[in-house]
Ligand SMILES: NC(=O)C1=CN([C@@H]2O[C@H](COP(=O)(O)OP(=O)(O)OC[C@H]3O[C@@H](n4cnc5c(N)ncnc54)[C@H](O)[C@@H]3O)[C@@H](O)[C@H]2O)C=CC1
Ligand SMILES: O=C(O)[C@H]1O[C@H](OP(=O)(O)OP(=O)(O)OC[C@H]2O[C@@H](n3ccc(=O)[nH]c3=O)[C@H](O)[C@@H]2O)[C@H](O)[C@@H](O)[C@@H]1O
């Protein structure tokens, strides 16, 4: 099958590479010249484990091509995937400008019957609107059929997820188009669910909203655990053993970030609001998350009346491990608060430093390694649970920081282990360990 993928971000590039890997001839199209230049040379412009090898392999085997030329991309494709961004508007609704631009370009260049697959996350009703837009602008006498095929991959394990996802959802009003898209996806070996278009669009938002709800729920339980003397890790394990609840997405911490949960929960609030439905539960999920992203700062303020001039290290900047993505990361919320208080901030992340520099500029110091970030600091905040960060021996904090005070937003260390060292350790949903030296100072 001759496939074009419009948009080469986390979703588009991974989709394009994996569709090539299962035997299709794939052209990846993007409006970003620099990105396309890099990809042509086999350089992956994002950090995504396993992607570069697969991309190079498929370029070499002449199944994968890159272009910035819309005509070349669209003119002769059998199927066109739209995987452009749908960022958040100021009011929380999804910005559909890029999807609409792609749809208009497709209408302009396509010269034969084609299926357009919308992979971007778009509000319910968007596929129908895009179908109408295309019908209005396409050449007469050809059929361009829109199919919804939302994406469920996670950043950091995107390639793995493409081949091991739980389900593939295909929303279509046209049986023939649905069966062609199902056929394309067959080699992935993942169960396929076929629905009408609006249900497919809703499945995507409902899935993300449900996962966000699980996280805010466990974070609320964690906050109560702290006050009643329970341990959230044991509580999460205990409830997760109930098959009706399940063990996943019950890790308490400093809230969800990333390019999807924050924006998709807000977009679903808008979708509900547009039909005059007040989605009270989701509103609370968002509110809890905003509070949770500030948790380490709030805890620090309970211990220090002022952070002015304090030497602090922030370990981890990405919104989760194994990605360079810092969109809506809890690190940025924390760092802004620390800078407002005039703390001296040193940061470290194994792969997100470049992205962080473009946001934080020279307002912070950038360390070369996790351990060098600790040298001479008074306080450390653990924000992202990269292995490199989780594996720092507790003795290293003592060696590098003298009287370490650790605020751990991801519960990386065992409390009994921490107690063996002269460390003050404050985590999430567990008892605080306040070392005698800090008690004396206070
Ligand atoms: N990032 C993720 O883990 C997931 C994202 N999604 C959804 O997939 C969509 C894409 O997300 P990301 O890949 O993160 O976006 P991204 O922001 O990483 O990449 C979007 C790409 O589209 C390109 N683009 C913009 N307008 C274009 C046009 N008219 N024609 C061709 N290319 C164009 C941009 O230059 C950019 O390279 C969004 O709707 C998102 O909600 C869904 C599941 C997972
Ligand atoms: O629509 C999307 O873009 C994607 O959003 C999420 O994927 P992603 O944002 O890459 O990452 P997750 O692993 O889901 O983590 C999201 C956030 O939740 C946090 N989280 C996750 C799980 C948990 O138990 N606790 C927790 O705090 C993570 O630290 C991270 O900040 C979904 O998991 C994907 O299925 C979906 O396709």
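List of remarks:
- Of the candidates 149, 58, 127, the single residue that is in the same structural domain as residue 160 (by the TED database) and over 24 Å from residue 20 (Cα atoms) is 127.
- Condition check for residue 253: away from ligand 1 (no atom under 16 Å from the Cβ), under 22 Å from residue 327 (Cβ atoms), modelled with pLDDT of 95 or more and not in a helix (DSSP H, G or I): yes
- Any hit, the range 96-109, residues being more than 13 Å from ligand 1 (Cβ to nearest atom) and buried (at least 16 other Cβ atoms within 10 Å of the Cβ): no
- There is no residue in the range 61-74 that is within 16 Å of ligand 2 (Cβ to nearest atom) and either in contact with a helix residue (DSSP H, G or I) (Cβ under 6 Å, 6 or more places away or on another chain) or part of a strand (DSSP E or B) (or both).
- Sole exception among (1) farther than 17 Å from residue 8 by Cα; (2) within 21 Å of the chain's Cα centre (by Cα); (3) buried (at least 16 other Cβ atoms within 10 Å of the Cβ) for residue 167, by number: (3)
- Test: residue in the range 382-397 that is part of a helix (DSSP H, G or I) and touching a residue at least 40 places away in the same chain (Cβ under 8 Å): yes
- Listing of strands (runs of 3 or more DSSP E) fully contained in the range 85-204 that carry 2 or more residues being more than 30 Å from residue 256 (Cβ to Cβ): 114-118, 144-148
- Residue ID - nearest to residue 315 (Cα to Cα), chosen from residues in the range 402-442 that are at pLDDT below 95 and outside any loop (DSSP other than H, G, I, E, B): 438
The values are calculated or read from the model by the stated rules, or taken from the named source; none is laboratory data. What you see is a predicted model; the values in this text were computed from it and never measured. Here the Cβ is made from the backbone with ideal geometry for all residues, glycine too, and neighbour counts use every protein chain on show.
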